[in-house]
Amino acid sequence: MPSPEETTAAAREFLADHPDAEDAFAALVERDARGEPWTFADIDLDSGRFGELVARDLAREVDTGYRLENPNAIRAAIESGPADAADTTDTATNSSTVPEGSNGNASETAAGDSVMSQVSSVAAVDALTFLGLLGGLLAVAGARLVAAPAVFQRGFVVSPSNDTYFFRYWQERLAARADGIFDLGLFTNMGGAAGTRPLAHAVNSWLTVLLGGVDAAPVVVAWLPIVASVCLGYLVYRTARLLTSDVRVALAAVLFYGLAPVNVVYTSVGFLDHQAHQYLWLGLLVAALTALGVDVARRLEHTDAQTAAQAHARDARMWLAAFALAVAVAASAHAYGGSPLTFVPVAAVVGLRVALDVRRDLSPTYANAPLLAGLALGAAGALAAHIALGWHESIAAVTPVLVAGGALVVVGLGELWRRVSLPPLALVAAEAVVAVGGFVAYARLRPGDISRLRTRANDLFFREGISETASLFSPDFAVVFGPLLQLGLGFYFAIAVLAVATWVVTRRYQPGWLVVVCFAWYYTLLATIQVRFAGQLAIMIAPFAGLGLVYLLSAIDIARPVAALGRGNEADSSSTRGLSTRGRPSHAGANSNSDGGTAITSLALPEGSRLRGYLAATVALVLLFNLLLVPSLVGQTTYDRAQFDAALTIDSHAEDADREYPQNFVLSQWGDNRMYNYFVNGEARSYGYARSNYDQFLAAAHPDEWYNRFQDRVGYVVVTERENTPPTASTYTALYDGLGVGVNDTTATGHYQLLTFTEGLRTFAVVPGATISVPEPSSVGVENGTVTATTTVTVPNSSGEVTATGTTFEYIRHAAVSNGTATIRVAHPGEYQVGTQSVTVTNDAVHNGNRTVVQPK
């Protein structure tokens, strides 16, 4: 609720804009003083001025109509008269009408102020709305802290998932090489980090240096994803508010984005991957495109098409939006490996927007001048980074250049189309021809890039064996439940509104909505192919989900009606030009939304505790699914205490044994391999060896035979429980079921020393093994041709400590007598009983492959 001072100022501005409405305004004050609510039909104001009363927070809706806000403050404004010229310099231009014969300059300024009011700072938000936004952003951060107990373990930051350790690998190496935050020359020689995700690596390492160097790396790892997510949450808020002029929708969009399980997983605490960077720049890209589109549409509410387009092109604030677009384009090109995919919907937006401009009789050149400049500048930045810094592969840098060049051609084609009055629908076909022709020409000029595109396409459509490659609409979840598990209930709100928005875009001039419609459908398609794109989809559908929720609340009469995507007051639904409204401004008011409805710029709770309870219960019920699904989905990516303890145990053992890389390499299932090696030897760059050899190793019949194949390449093995177990006589059975010591009717091994044993996890050191030589088996009582060495092995607990409560097993190894001697290889130290003799094998002997001879009596 505005303060009395704010109400007085707003009322004086209203009277300055509409002096002829003073009597009607005074009558409202008297009516309100009698405690009588009123409706539009009861007052002597037209619809535009009535809308301004609500938009300026001078009136509020109640159960039976409307009441004035702070009527005494309004009475004081009427008595003191309208604001003087100095006071109205910034507000008089907000008039929603254009005097007959005006040159339109006032209306242009009004339109610009109307648009920029939608991108104003938080300082302009009332207290309740600010608290709502703050709460929404805290919810974004809070959802991503669900993984905190698993991430912060024993003084370490244990990042979820496997690929995060690849980013930590480069983060620390680049930060260690930097001479300070101004050592930008480092980014010209990033080595392997420049290959596919250079910007993500550069930002990670630079922030690490900024915060104190390599020692600060865990801080960046833990909190950068959350900070980026909160910033993205604000961009989602601004985008939704730009589109709808409804703060309720914007706040709901933040919640739907912030609690989308799949997005939470990819940006949770400690999840240092490319997603946090990619999502943030994608959000800025969409927000900038939306701001540029909404600006033109809102100017059309105040002036004719040509004047609106020219004013848009001259507005310095739109050029700031264009600069933001350029930054987003350049950053997106180098944020992750599949960056060319980001620019496909950008190309679609440009092509369809030009067609909409032509249909609305707008000059595509003026209407898209800032957009073209932003794309061109961003493409130049992306190409410069590739050429000067060696960042990314050429196809990633060239793609935004192609989009910018294509946009320039399409705008020129649209300008020609408009001048010769050809059908807009035919323009879309012509644009498709231009796109195909450009692609064919590019394929002839750069066949190497096309080959690379084919490889990337194969990864997109045919890659298997990774959970991320499944479809969002997987039959495993009955098709319709996949989105619920990954995106929450918001998907079902969003898809209905998305369908309506798509229809509206085809019927009316809504270039702002066109942006999110194109991006939402595009990422829906990609998520249908691979669920990994559901994270981006969660961002794109958030405004639609927020709008759907508020519409539901208004349908059950616990919220004010929703104006966005309603029946607009522009009659531009015709697919032909020469419309009856061309050149004639509408009179929706400076604070109306682009659909002609009244903006809702502040929150207002329903009157009465019952309605407030219904509102809270409905919102909680809708978001409950997300709140329940987030922990379970996040838990699938984190490492439990046993896994991390195994890593620390291996690290301690490697230090005691003085093993260096690669002798301390850890072989495990590939999905955990980078984590183990990061904490043991720091070499988390690749899991290729584990992926190529681990399954073969577990399926092999004789584990000791693999010792020679390892050739000092593997120092440790971690075996986890498997659902589809290999054959009974296999390495998996010998190590997981038999613990390498021969329990559970398995064969004991001679090269695998058990380090930890806990439920679902076995950890082994790969050792040369000590040899027990028996030169005269008969002298120790062996007569049957087989010599046996026996000792007891105490199994450590999960932390690697041998305790009095540790489990002990009998460890038995056999060897056949050959040429009168027998040699037994053992993997554990201890006192062995060999026939009638006993012999002590030391730990050094096990790790150095020493021989111990059993002397005959």
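The values are calculated or read from the model by the stated rules, or taken from the named source; none is laboratory data. Please read all numbers here as calculations on a predicted model, not as lab measurements. Glycine also receives a Cβ, built like all others from the backbone with ideal geometry; neighbour counts cover every protein chain displayed.
What are the residue pairs meeting all of these: first residue in region 758-785, first residue closer than 18 Å to residue 852 by Cβ, second residue crowded, with 19+ Cβ neighbours inside 10 Å and of a type in the set (D, E, K, R), Cβ atoms under 6 Å, and 6 or more apart or on different chains?
Matching pairs, first to second residue: 769/825; 771/825.
Is it the case that some residue within region 58-66 is at pLDDT 80 or above and among the β-branched types (Val, Ile, Thr)?
no
If residue 447 meets every condition in (1) modelled with pLDDT of 80 or more; (2) over 30 Å from residue 670 (Cβ atoms); (3) exposed (fewer than 15 other Cβ atoms within 10 Å of the Cβ) apart from one, which number is that one?
Unmet for residue 447, out of (1) modelled with pLDDT of 80 or more; (2) over 30 Å from residue 670 (Cβ atoms); (3) exposed (fewer than 15 other Cβ atoms within 10 Å of the Cβ): (1).
May I ask you to verify whether residue 413 is under 30 Å from residue 359 (Cα atoms), of a type in the set (A, V, I, L, M, F, W, C) and at pLDDT 85 or above? Break it down stepwise before answering.
Details: under 30 Å from residue 359 (Cα atoms): yes; of a type in the set (A, V, I, L, M, F, W, C): yes; at pLDDT 85 or above: yes.
Criteria met by residue 413.
Which one of these is touching a strand residue (DSSP E or B) at 6+ places or on another chain (Cβ under 8 Å) and modelled with pLDDT of 95 or more: 221, 203?
Details: 203 fails: touching a strand residue (DSSP E or B) at 6+ places or on another chain (Cβ under 8 Å).
Of 221, 203, the one residue that is touching a strand residue (DSSP E or B) at 6+ places or on another chain (Cβ under 8 Å) and modelled with pLDDT of 95 or more is 221.
Pick from 764, 710: which is within 38 Å of the chain's Cα centre (by Cα) and closer than 26 Å to residue 832 by Cβ?
On the way: 710 fails: within 38 Å of the chain's Cα centre (by Cα).
Unique residue meeting the criteria: 764.
Given the conditions (1) touching a helix residue (DSSP H, G or I) at 6+ places or on another chain (Cβ under 6 Å); (2) in a helix (DSSP H, G or I); (3) surrounded by 14 or more Cβ atoms within 10 Å (Cβ to Cβ), and given that residue 206 satisfies all but one, which numbered condition is not satisfied?
Against the list (1) touching a helix residue (DSSP H, G or I) at 6+ places or on another chain (Cβ under 6 Å); (2) in a helix (DSSP H, G or I); (3) surrounded by 14 or more Cβ atoms within 10 Å (Cβ to Cβ), residue 206 comes up short only on (1).
Are any residues in region 213-237 crowded, with 21+ Cβ neighbours inside 10 Å and within 30 Å of residue 509 (Cβ to Cβ), and if so, which ones?
232, 233, 235, 236, 237
Can you list the helices (runs of 4 or more DSSP H) lying wholly within region 647-746 that have 3 or more residues being closer than 21 Å to residue 767 by Cβ and touching a helix residue (DSSP H, G or I) at 6+ places or on another chain (Cβ under 7 Å)?
Values: elements: 670-680, 688-699, 705-710.
Hits in region 647-746: 670-680, 688-699.
Output the qualifying pairs, or none if there are none: Cβ atoms under 6 angstrom, residues six or more apart or on different chains, first residue in region 350-367 and in the same structural domain as residue 300 (by TED's automatic domain parsing), second residue hydroxyl-bearing (Ser, Thr, Tyr) and crowded, with 24+ Cβ neighbours inside 10 Å.
356/509; 360/509
Across region 177-196, what is the number of residues that are not in a loop (DSSP other than H, G, I, E, B) and not hydrophobic (A, V, I, L, M, F, W, C)?
Here is the first cut: in region 177-196, the residues not in a loop (DSSP other than H, G, I, E, B) are 177, 184-188, 191-194.
Next cut, not hydrophobic (A, V, I, L, M, F, W, C) only: 177, 185, 188, 191-192.
Qualifying residue count, region 177-196: 5.
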